[in-house]
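Since the structure comes first, as structure tokens, the remarks are kept for the end.
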Amino acid sequence: MAKERIYVKPRQRDPAKPAAGVLQVRRENGTPIPDEGAWVEPSQYIRRRLRDGDLVTATAPKKASAKTAAKSTDTQE
């Protein structure tokens, strides 16, 4: 049975000022959760961060198809 995973993002520091950035929230092992979000297991620590408002659940970004990825690589050169 696969372990349940959820996609989370750190919340904005000040919703009225998006330029202020996001909170730096770390995983249990000390590595930071990136601003764009990450898949995590809903451990007690993660559930606490969600309850406290430090993290928010988010929709995971869609994976780019091979065609789209190749096209974006070509245009960046």
Boolean, Lys9 is touching a Leu at 6+ places or on another chain (Cβ under 8 Å) and either of a type in the set (Lys, Arg) or at pLDDT below 90 (or both): yes
So which residues in the range 1-51 are farther than 20 Å from Lys62 by Cβ and among the hydroxyl-bearing types (Ser, Thr, Tyr)? Thr31, Ser43, Tyr45
Against the condition surrounded by 11 or more Cβ atoms within 10 Å (Cβ to Cβ), modelled with pLDDT under 90 and aliphatic (A, V, I, L, M), how does Leu23 come out, does it pass? yes
Could you grab me the full set of residues in the range 1-20 that are surrounded by 16 or more Cβ atoms within 10 Å (Cβ to Cβ) and more than 14 Å from Gly53 (Cβ to Cβ)? Ile6
What are the residue pairs meeting all of these: first residue in the range 1-23, first residue farther than 18 Å from Ile33 by Cβ, second residue exposed (fewer than 13 other Cβ atoms within 10 Å of the Cβ) and of a type outside the set (Phe, Trp, Tyr), Cβ atoms under 7 Å, and 6 or more apart or on different chains? Asp14/Ala20
Quick one: in the range 38-59, which of the residues that are under 7 Å from Tyr7 (Cα atoms) and surrounded by 11 or more Cβ atoms within 10 Å (Cβ to Cβ) is nearest to the chain's Cα centre (by Cα)? Ala38
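The values are calculated or read from the model by the stated rules, or taken from the named source; none is laboratory data. Model, not experiment: these values are computed from the prediction. Note that we place each Cβ from the backbone using ideal geometry, even for glycine, and neighbour counts take in every protein chain shown.
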